[in-house]
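Remarks on the structure that follows.
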Amino acid sequence: MSAERTYIMVKPDGVERGLVGEIIKRFESRGFKLAALKFVQADKELLSKHYADLATKPFFPGLLDYMTSGPVVGMVWEGKEVVKTGRKMLGATNPLDSAPGTIRGDYCIDVGKNLCHGSDSVESADKEISLWFPEGVVGWERKLDAQIYE
Ligand code: RTP
């Protein structure tokens, strides 16, 4: 069983719209294992680190306003190829390009209100998990894994 981890975050619009449970449910139902979860009012300093690669983009100030407009729910999910699969489950960055059946494809319309974030590589996931969970992530053994992985 792979211990790959990804950082998934419900953005302020997702929290306000009551979609936290729905997003968690999709990852749980798929068989991924929840490894950490946190409700945070993030500040611009933290988000500037999270989105450092977007600092020169014209939409960056608006992105910081959006992401600080309310609390977010940060999570670490664990499982086989969870980084790539998590991104597929979220859907395309622009919700209008997201397939039905994905989170964005089912629940949103605009790129600036796209509900959720998912790490785009294992390397990004490691950085994001360290940034959002500096206290570390507690490992736990899930006996159910025997019913999910061959
Ligand atoms: P995320 O980090 O949120 O999972 O999104 P992503 O990797 O799919 O996309 P990225 O290019 O890293 O963009 C990060 C977030 O910035 C907002 N965005 N707005 N107005 C725009 O053209 C625009 N482009 C991106 C979105 O909230 C996007 O998720």
Ranked by GNM mean-square fluctuation in the chain (Cα springs under 10 Å), the top entry among 82, 138, 20 is 138
Under the rule rounded for a/c under 1.5, else prolate if a/b exceeds b/c, else oblate, using alpha carbon gyration tensor axes a ≥ b ≥ c, segment 39-150 is classed as oblate
Asserting the computed 222 nm helical MRE of the chain (DSSP H runs at least 4 long, -39500 (n - 2.57) per run, divided by residue count, to nearest 500) equals -10500 deg cm²/dmol
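Rounded, prolate or oblate: which fits segment 32-86 when a ≥ b ≥ c are the square roots of the eigenvalues of the alpha-carbon gyration tensor, with rounded for a/c under 1.5 and prolate only if a/b beats b/c? List each step's numbers first, then the result.
Working: a/c = 3.04, a/b = 1.65, b/c = 1.85.
Taking the square roots of the gyration eigenvalues as a ≥ b ≥ c, segment 32-86 is oblate.
Among DSSP bridges having both ends in the chain, what percentage is antiparallel? Round to the nearest 5.
In the chain, approximately 95 percent of DSSP beta bridges are antiparallel ones.
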In a Gaussian network model of the chain with springs linking alpha carbons closer than 10 Å, the residue among 136, 31, 79 that fluctuates most is 136
For the pair residue 126 and residue 84, the simple spin-label estimate (label points 7 Å beyond Cα toward Cβ) gives in nm 1.8
Taking 30, 87, 5 and ranking on accessible area (1.4 Å, protein atoms only), highest first, one gets 30, 87, 5
Applying the gyration tensor rule to the Cα atoms of segment 99-150 (axes a ≥ b ≥ c; rounded if a/c under 1.5, else prolate if a/b exceeds b/c, else oblate), the class is oblate
Taking placed amide H atoms and a strict 5 Å upper bound, the residues 5 or more places from residue 92 or on another chain that come that close are 98, 99
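With all protein chains present and a 1.4 Å probe, how do 85, 93 order by accessible area, largest first?
Ranked list, largest accessible area first: 93, 85.
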Toy charge model, Lys and Arg Cβ at +1, Asp and Glu Cβ at -1: segment 78-150 dipole around Cα centroid in debye, rounded to 20, equals 200
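How about segment 36-105: which chymotrypsin sites (Phe, Trp or Tyr not before Pro) there lie in a loop by DSSP and see at most 13 other Cβ atoms within 10 Å?
In loop regions of segment 36-105 (DSSP not H, G, I, E or B), the sparsely surrounded chymotrypsin sites (Phe, Trp or Tyr not before Pro) are 59.
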Ignoring ligands and nucleic acids, residue 111 exposes an accessible area, probe 1.4 Å, in Å² to the nearest 10, of 80
Karplus ³J(HN,Hα) for segment 35-51 (6.51 cos²θ - 1.76 cosθ + 1.60, θ = phi - 60°; Hz, whole; x = Gly/Pro) runs 10, 6, 8, 8, 9, 9, 8, 7, 9, 5, 5, 5, 5, 5, 6, 4, 9
With label points set 7 Å from each Cα along the Cα-to-Cβ direction at residue 110 and residue 96, the distance between them in nm comes to 1.2
Ordered by number, the chymotrypsin sites (Phe, Trp or Tyr not before Pro) in segment 116-150 that occupy a DSSP loop and have at most 15 other Cβ atoms within 10 Å are 140, 149
Of the candidates 51, 67, 108, the farthest towards the positive dipole end of the chain (Lys/Arg Cβ +1, Asp/Glu Cβ -1, centred on the Cα centre) is 108
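The values are calculated or read from the model by the stated rules, or taken from the named source; none is laboratory data. Just so you know, these numbers come straight off a predicted model, no measurement behind them. Positions of Cβ are backbone-derived with ideal geometry, glycine not excepted, and every protein chain shown enters the neighbour counts. Note: areas computed on protein heavy atoms with side chains; ligands, DNA, RNA excluded. Shrake-Rupley method; radii C 1.70, N 1.55, O 1.52, S 1.80 Å.
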